[in-house]
Amino acid sequence: MHLFSWCKGAVLAIVIGSSGGLQAATGSWSSQVPSVLVVMSDRPISSRPVVAPPGAANVENAVIERVQWRFEAPPAALVNAWLCHPEQCVSLSSMRGTTMALAGKRADLPLHFRFALAPGIRPVRVQGLQVIVNYQ
């Protein structure tokens, strides 16, 4: 009887202590996608969608806080790169970095990389495509 009373009080304390309304948890997820062969300067190619892996924390109702990216291209290759959300693309100035330009966008929508060659450059394979998404 005392145990039941204590448990009932604990549940009541949790309900009272919680903020009104549901909020998504703060967290992060990372994922990588296969390499892409970039062959043209005038027609960008997109990677496969980068999505939260199965079993990752629930990102429904969460928004992006920041995104870290990484990819590898041959040193002499002049590749134009973007990281895209369905609502916006961000130009990437290097093969790795962090951006907050997608902050506030829905965290449950897929991202993808987009690449195009600089004019006169031979086709190159871009590999090691990875993102880490921090959300709240």
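Values as computed for the structure displayed
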read-out	value
For Ser46: the one exception among (1) within 13 Å of the chain's Cα centre (by Cα); (2) at pLDDT 90 or above	(1)
Boolean, Glu65 is modelled with pLDDT of 90 or more, under 16 Å from Gln130 (Cα atoms), surrounded by 14 or more Cβ atoms within 10 Å (Cβ to Cβ) and not hydrophobic (A, V, I, L, M, F, W, C)	no
Within region 98-130, tally of residues that are exposed (fewer than 14 other Cβ atoms within 10 Å of the Cβ), among the small types (Gly, Ala, Ser) and more than 19 Å from Ser46 (Cβ to Cβ)	2
Any pair with Cβ under 6 angstrom, 6 or more apart, that starts in region 58-71 at a residue that is touching a residue at least 40 places away in the same chain (Cβ under 8 Å) and under 15 Å from Ser31 (Cα atoms) and ends at one that is among the charged types (D, E, K, R) and assigned to a strand (DSSP E or B)	Arg70/Arg96
Residue match in region 97-105 (condition: under 14 Å from Val67 (Cβ atoms) and either in contact with a helix residue (DSSP H, G or I) (Cβ under 6 Å, 6 or more places away or on another chain) or basic (Lys, Arg) (or both))	yes
Any strands (runs of 3 or more DSSP E) falling wholly within region 35-136 and containing at least 2 residues that are among the basic types (Lys, Arg) and touching a strand residue (DSSP E or B) at 6+ places or on another chain (Cβ under 8 Å)	64-72
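The values are calculated or read from the model by the stated rules, or taken from the named source; none is laboratory data. All of these numbers come straight from a predicted model, not from anything done at the bench. Cβ: placed from backbone, ideal geometry, glycine included. Neighbour counts: every protein chain shown.
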